[in-house]
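Engineer: Have a look at this one before I ask anything.
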Amino acid sequence: MYNFSTGPVDLHPAVVQALGEPPISHRSPEGMALLQTLAKTLSQKVGVQETFVVTGSGTLVNEVMLWQIKQQGGTGLIFSNGEFGERLRDQADRINLPYTAWQQEWGTALDLDLLREKLRTHQPAWLLCCHCETSTGLIQPLRQMVDLCQAFGCQVFVDCMSTFGAMPLSLAGVAMATASSSKGVGALAGLGLVFSNLKIMSPAIHRPPKYLDLAVYQQYDGVPFTISCNLARALLVAVNLNMNNHRWQELEQQSRFIYEFLQEAELLAVTGAGSPVMTLAPKTGTSLVLGEAMEKQGISLSFRSQYLQARNWLQVALFGQYSPDEIAFLVETLQAETRMAKPQRIIR
């Protein structure tokens, strides 16, 4: 099965080997050294002062980030143009975080002129958004956003789940960002990452659950709770293997090639070249039928999520390492299956 889904991703043999090493204690000198090396390596790769490695998913580290935003204080602006921007809003609502919602249609890009106007009129203390909105594949202009927000004294917080590891990522000037051990970096799910350029605030009034309090992580040298050294070792191997310019250039070229095909075939549901995630819609039939037909041909895409089925979408993701033959097979199979698609749903 050729894996072009948004996860889980295929693992390099060296990553699999690291997962299979004998377990060691996270409290042992070897375990602490491993975890500190991982955090330092991650910080260097994305250009931040400090990285926290947390046992859990991307959604969990977004909770960690939201609590830290609450510690910083002030009313912010949450930009949403897809499923995961909406999830950030829902998480913010659950902890009574004061913010103004900035919602756009799914698949419409953040407009920098409109951002400037909102910064001028609302004067938010912070801006929160997804760098790549995974539900559509649309990438926000992070560097321009940061420069613009800095001019207005507004901090930027960002979810980087689908860009970390899949493309060059500089978080200089970003207050805080999140990612996970799966997707573009090419490791197994199970670790969440918080990248920080902030002075971590100790809870005074708003006390988060202990597991979500970054001040606790600092107090214990980044390791206050149980963490799998096997997952950490595998992530470190994946970071050293996959986060390099050669791989990123290959992925960008492959992304543009597939994007151009989808554009010519009029299959694109959302426009935005250069993303590791491309969203398409069949001209006839359903995304479920097309997705299952592709699976029968040996190609795994993303199409079973409720938000994708509701819009009759499916997605091609480039989070692994692909040969030219694999890319060609994907395109040829898509071409064949979309021509054969019938306007009917598989009945189970």
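The values are calculated or read from the model by the stated rules, or taken from the named source; none is laboratory data. Note that the structure is predicted; figures quoted are calculated from it, not measured. Backbone-built Cβ (ideal geometry, glycine too); neighbour counts: all protein chains shown. Just the protein is used for accessible areas: all its heavy atoms, side chains included, with ligands, DNA and RNA removed. Shrake-Rupley method; radii C 1.70, N 1.55, O 1.52, S 1.80 Å.
Engineer: Just to check your reading of the model, which residue among 339, 304, 247 is at pLDDT 95 or above, of a type in the set (Lys, Arg) and assigned to a helix (DSSP H, G or I)?
Structural biologist: 247
Engineer: Mind checking which residues of the range 32-69 are farther than 14 Å from residue 161 by Cα and among the polar types (S, T, N, Q)?
Structural biologist: 36, 37, 41, 43, 44, 49, 51, 55, 68
Engineer: Something else: Here is a list of conditions, (1) in contact (Cβ under 8 Å) with a residue 24 or more places away in the chain; (2) open to solvent by 20 Å² or more (accessible area, probe 1.4 Å); (3) farther than 20 Å from residue 8 by Cα, and residue 333 meets all of them except one; can you say which number that is?
Structural biologist: Residue 333 satisfies every listed condition except (2).
Engineer: Return the total of residues in the range 160-179 being in a strand (DSSP E or B) and open to solvent by 10 Å² or more (accessible area, probe 1.4 Å).
Structural biologist: 1
Engineer: Determine whether residue 287 is open to solvent by less than 20 Å² (accessible area, probe 1.4 Å) and of a type in the set (Ser, Thr, Tyr).
Structural biologist: Considered against the rule, which asks whether it is open to solvent by less than 20 Å² (accessible area, probe 1.4 Å) and of a type in the set (Ser, Thr, Tyr), residue 287 comes out as yes.
Engineer: In addition: So which of 91, 123 ends up being closer than 30 Å to residue 35 by Cβ and out of contact with any strand residue (DSSP E or B) (no Cβ under 7 Å at 6 or more places or on another chain)? Spell out how you get there, then give the answer.
Structural biologist: Values: 123 fails: closer than 30 Å to residue 35 by Cβ.
Going through 91, 123 in turn, just one is closer than 30 Å to residue 35 by Cβ and out of contact with any strand residue (DSSP E or B) (no Cβ under 7 Å at 6 or more places or on another chain): 91.
Engineer: Can you tell me which residues in the range 1-26 are more than 17 Å from the chain's Cα centre (by Cα) and either at pLDDT below 95 or not in a loop (DSSP other than H, G, I, E, B) (or both)?
Structural biologist: 1, 2, 3, 13, 14, 15, 16, 17, 18, 19
Engineer: Right, here's the next one. Return the total of residues in the range 67-102 being assigned to a loop (DSSP other than H, G, I, E, B) and open to solvent by 50 Å² or more (accessible area, probe 1.4 Å).
Structural biologist: Of the residues in that region, 3 qualify.
Engineer: Something else now. So for the range 57-66 (the condition being buried (at least 17 other Cβ atoms within 10 Å of the Cβ), touching a Lys or Arg at 6+ places or on another chain (Cβ under 9 Å) and of a type in the set (Gly, Ala, Ser)), does at least one residue qualify?
Structural biologist: Yes, the range 57-66 contains a residue that is buried (at least 17 other Cβ atoms within 10 Å of the Cβ), touching a Lys or Arg at 6+ places or on another chain (Cβ under 9 Å) and of a type in the set (Gly, Ala, Ser).
Engineer: Report yes if some residue within the range 84-104 is of a type in the set (Asp, Glu), over 26 Å from residue 281 (Cβ atoms) and in contact (Cβ under 8 Å) with a residue 12 or more places away in the chain; otherwise report no.
Structural biologist: No, every residue in the range 84-104 fails to be of a type in the set (Asp, Glu), over 26 Å from residue 281 (Cβ atoms) and in contact (Cβ under 8 Å) with a residue 12 or more places away in the chain.
Engineer: I would also like to ask the following. If we keep just the residues of the range 29-55 that are of a type in the set (S, T, N, Q) and open to solvent by 30 Å² or more (accessible area, probe 1.4 Å), which is nearest to the chain's Cα centre (by Cα)?
Structural biologist: Pass one, the range 29-55, residues of a type in the set (S, T, N, Q): 36-37, 41, 43-44, 49, 51, 55.
Then drop every residue that is not open to solvent by 30 Å² or more (accessible area, probe 1.4 Å), which leaves 36-37, 44, 49, 55.
On the way: 36: 23, 37: 22, 44: 19, 49: 20, 55: 16 Å.
Here the residue is 55.
Engineer: So is residue 309 over 16 Å from residue 255 (Cβ atoms), at pLDDT 95 or above and touching a Phe, Trp or Tyr at 6+ places or on another chain (Cβ under 9 Å) or not?
Structural biologist: Answer is yes for this residue.
Conditions (1) within 19 Å of the chain's Cα centre (by Cα); (2) at negative phi; (3) at pLDDT below 95, marked per residue:
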| position | (1), (2), (3) |
| --- | --- |
| 57 | yes, yes, no |
| 61 | yes, yes, no |
| 73 | no, no, yes |
| 76 | no, yes, no |
| 80 | yes, yes, no |
| 83 | yes, yes, no |
| 88 | yes, yes, no |
| 91 | yes, yes, no |
| 95 | no, yes, no |
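Engineer: Restricting to the range 269-284, what's the tally of residues that are open to solvent by 20 Å² or more (accessible area, probe 1.4 Å) and over 21 Å from the mean Cα position of the chain (by Cα)?
Structural biologist: 3
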